[in-house]
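Q: What follows is a single structure, and I will ask about it in a moment.
The values are calculated or read from the model by the stated rules, or taken from the named source; none is laboratory data. Bear in mind the structure is a predicted one, so any value in this text is a computation, not a measurement. Cβ: placed from backbone, ideal geometry, glycine included. Neighbour counts: every protein chain shown.
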Amino acid sequence: MARQAVFQFDPPTSKTLVGDCRLILPTLEAESVQCCVTSPPYWGLRDYDHPEQVGSEPSPDLYVSDLVSIFQEVRRVLRNDGTLWLNVGDGYARNGGTGNCGPNAVVGNTKKLIQKRNCKVPAVWGLKDRDLMGMPWRVAFALQADGWILRSRITWIKKTAMPESVKNRPTSATEEIFLFAKTPSYFYDPNGVREETGANLRNYWILGPDPSTYGHPAAFPRELARRCIALGSREGDTVLDPFGGCGTTGIAADEMRRFSILIELNPEYANMRNQDQPRNGKKNSAMKTAR
Ligand SMILES: C[S@@+](CC[C@H](N)C(=O)[O-])C[C@H]1O[C@@H](n2cnc3c(N)ncnc32)[C@H](O)[C@@H]1O
């Protein structure tokens with residue numbers, strides 16, 4: 001049976017819609033959003049406790065194609081001069097049977113389903129045990145091939161990186177944020193964020209995790225969302241995050257006088273956004289740790 005859309009939405013307003021973004025995105029009005037700022041679950045890293053979660057696909061190539069279809073819907077919803085700001089993380093292919101292998105499988109909230117699956121090197125892309133999957137670029141190239149214009153790769157340098165007990169490679173302390181445009185004449189405000197010297201913003205952002213207040217395991221820093229929104233929209237525009245988490249994108253959008261549409265599968269996380277009141281222009285309590 002065909003899956004049915006379950007939500008209707010009349011912009012402009014700000015809200016968090018609870019459910020699977022694959023069902024909700026098709027209900028959003030075409031060309032109604034100026035920019036999308038988002039971070040999907042990384043493949044095989046965490047269990048967000050829902051059968052429909054993205055990131056639990058049995059192999060990484062299915063994850064890439066899942067993201068391509070999701071972002072096709074995002075492209076439909078974006079205005080023609082709209083942009084997509086996409087943060088995607090990497091992971092390692094590992095062989096093993098203990099449940100302690102796989103991309104970052106030792107993190108406390110990784111659950112059995114994800115761990116078990118990650119204990120076999122996926123039979124794609126010629127991956128071997130311990131291979132870095134190169135997932136961000138695989139996703140970026142797939143989106144590019146699907147019609148997106150890839151305009152920038154921003155490296156997020158983490159002030160406080162997750163400790164890793166590895167002795168055979170450097171600790172990972174960076175992630176990618178890609179800027180994609182729907183068309184060549186997209187909106188970008190070069191004055192939205194500038195370097196302290198006044199120079200054009202560079203494509204590496206050194207950002208710390210926000211102090212924790214909630215239990216979301218993978219929130220990105222509010223400053224990351226704020227920069228993308230400032231560069232990719234104007235006051236009164238609508239910003240979208242189809243993987244809303246605890247609402248970082250929405251909270252930043254509120255502070256910057258943009259409307260926002262967030263979609264989040266897990267109602268517990270979706271409710272976290274509302275805990276950030278009041279939002280009358282003051283600094284809010286910050287989000288949980290960054291990845
Ligand atoms: C990496 S987190 C996003 C964190 C967010 N940027 C923040 O700062 O809180 C990914 C989120 O996507 C949600 N998610 C997973 N599959 C989803 C789906 N099919 N539809 C909507 N949300 C989904 C997860 O529950 C998780 O909260």
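Q: Could you say whether any residue in the stretch 109-119 is within 14 Å of the ligand (Cβ to nearest atom) and at pLDDT 95 or above?
A: The answer is no, given that none of the residues of the stretch 109-119 is within 14 Å of the ligand (Cβ to nearest atom) and at pLDDT 95 or above.
Q: Now a separate question. Quick check on the stretch 232-252: of everything there that is farther than 21 Å from Arg22 by Cα and away from the ligand (no atom under 12 Å from the Cβ), which residue is surrounded by the fewest Cβ atoms within 10 Å (Cβ to Cβ)?
A: Only one residue tops the list, namely Glu235.
Q: Checking Leu207 against (1) surrounded by 14 or more Cβ atoms within 10 Å (Cβ to Cβ); (2) more than 16 Å from the ligand (Cβ to nearest atom); (3) touching a residue at least 60 places away in the same chain (Cβ under 8 Å); (4) more than 29 Å from Asp61 (Cβ to Cβ), which test does it fail?
A: (2)
Okay, residues lined up against (1) at pLDDT below 95; (2) under 21 Å from Glu255 (Cβ atoms); (3) assigned to a helix (DSSP H, G or I):
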residue	(1), (2), (3)
Tyr186	no, no, no
Asn191	no, yes, no
Thr197	no, no, no
Arg202	no, no, no
Asp210	yes, yes, no
Tyr214	yes, yes, no
Glu223	no, yes, yes
Arg226	no, yes, yes
Leu231	no, yes, yes
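Q: Counting only residues that are charged (D, E, K, R) and buried (at least 22 other Cβ atoms within 10 Å of the Cβ), which one in the stretch 253-265 is farthest from the ligand (Cβ to nearest atom)?
A: My answer is Arg258.
Q: Just to check your reading of the model, which residue among Ala161, Ala219 is part of a loop (DSSP other than H, G, I, E, B), of a type in the set (Gly, Ala, Ser) and within 16 Å of the chain's Cα centre (by Cα)?
A: That would be Ala219, the only listed residue that is part of a loop (DSSP other than H, G, I, E, B), of a type in the set (Gly, Ala, Ser) and within 16 Å of the chain's Cα centre (by Cα).
Q: Could you identify the single residue in Val68, Val54, Val64 that is surrounded by fewer than 18 Cβ atoms within 10 Å (Cβ to Cβ), of a type outside the set (Ser, Thr, Tyr) and in contact with a helix residue (DSSP H, G or I) (Cβ under 8 Å, 6 or more places away or on another chain)?
A: Of the residues listed, the single one that is surrounded by fewer than 18 Cβ atoms within 10 Å (Cβ to Cβ), of a type outside the set (Ser, Thr, Tyr) and in contact with a helix residue (DSSP H, G or I) (Cβ under 8 Å, 6 or more places away or on another chain) is Val68.
Q: Follow-up. Of all the residues that make up the stretch 256-274, how many are closer than 16 Å to Ala230 by Cα and touching a strand residue (DSSP E or B) at 6+ places or on another chain (Cβ under 9 Å)?
A: 4
Q: I've got another one for you. Give me the residue from the stretch 163-180 that is among the hydroxyl-bearing types (Ser, Thr, Tyr) and surrounded by 10 or more Cβ atoms within 10 Å (Cβ to Cβ) and, out of that set, farthest from Pro41 (Cα to Cα).
A: Selected residue: Thr171.
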